[in-house]
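Every number here is computed from the coordinates shown, using simple stated rules; none is lab data. Please read all numbers here as calculations on a predicted model, not as lab measurements. Please note: Cβ atoms are built from the backbone with ideal geometry, for glycine as well, and neighbour counts cover all protein chains shown.
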Amino acid sequence: MNRIIVTGANGFIGRHLVKELLSRGHDQIIPLFRSRNVPPGLADLHIEHGSFGDPELLTKTLLRGDTVFHLGCTSFPAISESSIVNDIEENIIGTVRLIKACCEAKISRFIFISSGGTVYGKGNCVPFKESDPLLPVNSHGVMKTTVENYIRVHSNLAGLKYVIVRVSNPFGIDEIKERPQGIIDTALRRILINKKMDIWGDGQVVRDFLFIDDLTRALEKIYTSGIYNEVINIGSGSGTTIKDALIEVENSVGKKLDLNHLPPRPFDLEYNVLDIGKAKKLLGWVPSFKLSEGIIESLRRLTQSYSNEMPPCEL
């Protein structure tokens, strides 16, 4: 069986993806971690530690026939604007080094987790299709779009087989208590410990929330399908305002959030929803969890982790 290399395996999506792959019987997995902290459940795997852009590490790790899931990223939209140079050096240049090493090793496929939430830019309140132009309005989107373009260049010049996966807004419970994942995770933790939560703007921006289990199931289907040289949106296919998502959190817990409204952030798009028709057709995949169901399951996992003596995070 071919090996699966997962960069960013210590991140939110990466940890859940590795567990999903293991649960499906894919046991030849090599996670690539930047940190030395190994999450529970992954300690028995052969783990490589270091940066995904380290040429020496890549030469040592990559073998012919490997499939590489590239989830490694050192930034996210809220901090990209304040660290543009680092974003370029670590995430664009680092990923180009990774792509070149993959070409030299003659890997099987390069599966890149892009950002459906930022690469399309402003829309007309219609779900974005993969064929829509990429017009990012923030640095994170520019970075992801640039990486996508370099992938296509190496496909054209070196025969790299790839899948670009444009993911919407995944949510769920992050096992590392110091790092809440997104607004829903943050809201659940805040409401449980009665702490105020910041919200930028009036809460009317629209997002495409996707439960983490649905995302990792889609990624596993991409791996097993064998498809290549495709771009695929993975989301829920429906939009929800931030305000309504927070109401769902309140309903699941049974009490009100204490919100602190701040001015809107210039990099936040007013509307972002993905058309997932292509994923349905190519993969036979549809999300299993409605937003309310994903929130309830997230709450269950969070309260279970608290009962296992994980203290509430200090947010």
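Of note:
- Rounded to 5, the percent of DSSP beta bridges in the chain classed as antiparallel: 5 percent
- Between the Cα long axis of helix 139-158 and the first principal axis of the chain there is an angle of about 20°, rounded to the nearest 10.
- With contacts taken as Cα pairs under 8 Å and at least 6 residues apart, the stretch 203-293 reaches a relative contact order of 48 percent.
- Length gained when the stretch R64-D27 is fully extended (0.36 nm per residue, less Cα-Cα span): 11.6 nm
- In loop segments of the stretch 222-313 as defined by DSSP, the GluC sites (Glu not before Pro) with at most 13 further C-beta atoms inside 10 Å of their C-beta are E270, E309.
- Cα-based Lys proximity count in the stretch 187-300, under 22 Å, for pairs eight or more positions apart or on separate chains: 18
- Gap separating the Cα centres of the stretch 99-120 and the stretch 273-298, nearest whole Å: 23 Å
- Taking every alpha-carbon pair under 8 Å whose residues sit at least 6 apart, the stretch 81-161 reaches a relative contact order of 40 percent.
- Degrees separating the helix 12-23 axis from the principal Cα axis of the chain, which is the longest one: 70 degrees
- Counted over the stretch 170-274, the DSSP beta bridges are approximately 20% antiparallel.
- The stretch 196-232: trypsin sites (Lys or Arg not before Pro) in DSSP coil with no more than 15 other Cβ atoms inside 10 Å: K196
- Rel. contact order, % - alpha carbon contacts under 8 angstrom, at least six apart, the chain: 18 percent
- Tally of Lys pairs whose C-alpha atoms are under 23 Å apart, taken over the stretch 78-163, 8 or more apart or cross-chain: 7
- Likely footprinting exposure, D275, D268, fewest C-beta neighbours within 10 Å first: D268, D275
- Taking 0.36 nm per residue of sequence separation and removing the Cα-Cα distance, the K100/W200 pair yields an extension gain of 32.0 nm.
- MRE, 222 nm, helices only [DSSP H, n ≥ 4, -39500 (n - 2.57), over the chain, to nearest 500]: -11500 deg cm²/dmol
- Sites L259 and T224 - FRET efficiency at Förster radius 45 Å, r taken between beta-carbons, to 0.05: 0.60
- Fluctuation leader among D213, D185, D244 - the chain, Gaussian network, Cα springs under 10 angstrom: D244
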